[in-house]
Amino acid sequence: MSSSAKRNTTKQKVGKELSKKDITYIELCQMYIRECKLNDIAEVTINGYNYANKYFLRFTGKEIMCSGITQELVDDYKMELLKRLKPTTLNSYMFKISPTIKYGHRVGLIKEEILITHVREQETFKDIYTEEELKKLLVRPKNKSFSQYRNWVTINFLIATGIRSKELRELNVSNVDLDMGFINLPHTKNRKARIIPMPSSLIKIMVEYINIRGGELAEPLFCNQFGERLPRTTLQLEIKKYCLKRDVHKYSLHLFRHTFITLSVRKGMSPLQLKRITGHADFRMLNKYYQYDPSDLMDIIDEYNPLETFKKKQVIKMGKKV
C-alpha cells in the first residue's frame, strides 16, 4: 500500500472515531490548523483562518460545540455581519471560516453539510496613481537620509515590477541579478517562485542602491538603517509619510501593483506576459487589478475593430459648383 493510501485509510479511521464524539469548535479549529501545517499551507493563509474563526466565536460564544454548528447558525451569523460590514469584508470572513467547517463535516464532527454563499458585491475600480502623482513620487530626494533614499528606491521598484509588498520585504540582496537584469522571487503568495525582468532605468537605480546599502548576499535588500528587514507596518508607515510629504494623498503599497498592471496594459503588454510577471493564477484575477478607462479603447478601436478591415478608404470629392 502506498504512503498516500495509508494516510487516507488513517484519516478514514480517525473520522469514524471522531464522528462518535462531540468537541468544542475551538478544538476543531486547532485540529484543522494542524492539518493545514501538515499540508504546508502558507502561514498568512492560516493566520486568516485563525482571525476569522475568532470573529465567528465572538458571535457563537467560545463554549459552542461542533454539534451546535448548523446551517441556521451560520446564516444568522451572516445576517449579523450584514448589519455592519461591507460585502467584501463579509465575504472574506465567511469564506475563511468555511474550510474549518467543511473539515469538521468531513471528519464527522459537524453533522450538517453547511452551505456558505457570497454576498454580491458592487464592482468598483481602484483609483490608481496618476501621471502627475507618479512624477512627484519619482523625484529623487535631495537630503542625505538613508530612509528617504530607500523609500524613493522602493517606489521605483514597485512601479517598475508590480510585485507585492510582502514579496518586496522578503527579498535578499542575492535575489537581484544586476548582470542579467532580473529579480528572483523565491517567496511568493502562491508559493510558485518566479523570475521577473528589470527595466534599464531600474537596473541603474539598483546598482547604486546596492552599492550604498552594502551588506551580505543573504541580508535583506530593503532594510532599516541598521540593516534589519523591514516589518510590514514600518514599510507602510514609511511610504505613507513619503507620499504625504510630496502632497500625494494615496499611499497604499498594493496600489502600486494596480498602477503597474494598468499602465503596462495601456502600453501594450500582452496579458500572458503580464500574468507571468505578476504571478496571478488566472486572467480573472489579473482583470480585477486592471483599471478600465474607456479612453484606453478609443485610442486603438480603429486599429483593431473588424469593420475597419472592410471599409474602403475614399477620397473626399467636392460637389459640383452651382
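Summed over the range 122-177, the residues that are modelled with pLDDT of 90 or more, within 22 Å of Thr233 (Cα to Cα) and either in a helix (DSSP H, G or I) or in contact with a Ser or Thr (Cβ under 6 Å, 6 or more places away or on another chain) (or both) give a count of 17.
Counting only residues that are touching a helix residue (DSSP H, G or I) at 6+ places or on another chain (Cβ under 7 Å), surrounded by 14 or more Cβ atoms within 10 Å (Cβ to Cβ) and of a type in the set (D, E, K, R), the range 206-234 holds 2 of them. Answer yes if at least one residue in the range 36-47 is surrounded by 12 or more Cβ atoms within 10 Å (Cβ to Cβ), closer than 25 Å to Arg120 by Cβ and modelled with pLDDT under 95, and no otherwise. Yes, that holds for at least one residue. One residue stands out in the range 126-158 among those that are within 17 Å of Val248 (Cα to Cα) and among the aromatic types (Phe, Trp, Tyr): the one that is surrounded by the fewest Cβ atoms within 10 Å (Cβ to Cβ), namely Trp152. Applying the condition of being more than 20 Å from Leu253 (Cβ to Cβ) and at pLDDT 85 or above to the range 178-198 and asking which residue is surrounded by the fewest Cβ atoms within 10 Å (Cβ to Cβ) yields Asp179.
Residue pairs whose Cβ atoms lie under 6 Å apart, sitting 6 or more positions apart in sequence or on different chains, and linking a residue in the range 88-103 that is in contact (Cβ under 8 Å) with a residue 40 or more places away in the chain to a partner that is surrounded by fewer than 15 Cβ atoms within 10 Å (Cβ to Cβ) and among the β-branched types (Val, Ile, Thr), do not occur here.
Confirm whether Lys96 is surrounded by fewer than 18 Cβ atoms within 10 Å (Cβ to Cβ) and basic (Lys, Arg). Please lay out each step first, then the result.
On the way: surrounded by fewer than 18 Cβ atoms within 10 Å (Cβ to Cβ): no; basic (Lys, Arg): yes.
Against the criterion (surrounded by fewer than 18 Cβ atoms within 10 Å (Cβ to Cβ) and basic (Lys, Arg)), Lys96 does not qualify.
Listed by first and then second residue, the pairs with beta-carbon distance under 8 Å, at least 6 apart or on different chains, first residue in the range 52-68 and at positive phi, second open to solvent by less than 30 Å² (accessible area, probe 1.4 Å), form an empty list.
Could you list all residues from the range 102-121 that are of a type in the set (D, E, K, R) and outside any loop (DSSP other than H, G, I, E, B)? Step through it out loud before you land on a result.
Within the range 102-121, the first condition is being of a type in the set (D, E, K, R), and the residues that meet it are 102, 106, 111-113, 120-121.
Passing the criteria: Lys102, Arg106.
Each residue in the range 51-85 was checked for being surrounded by 14 or more Cβ atoms within 10 Å (Cβ to Cβ) and part of a loop (DSSP other than H, G, I, E, B), and 3 pass.
The values are calculated or read from the model by the stated rules, or taken from the named source; none is laboratory data. Quantities reported herein were computed from a predicted structural model and do not represent experimental measurements. Methodologically, a virtual Cβ is constructed for each residue, glycine included, from the backbone with ideal geometry; neighbour enumeration extends over all protein chains shown. Side chains are part of the model used for accessible areas, which takes the heavy atoms of the whole protein and leaves out ligands, DNA and RNA. Shrake-Rupley method; radii C 1.70, N 1.55, O 1.52, S 1.80 Å.
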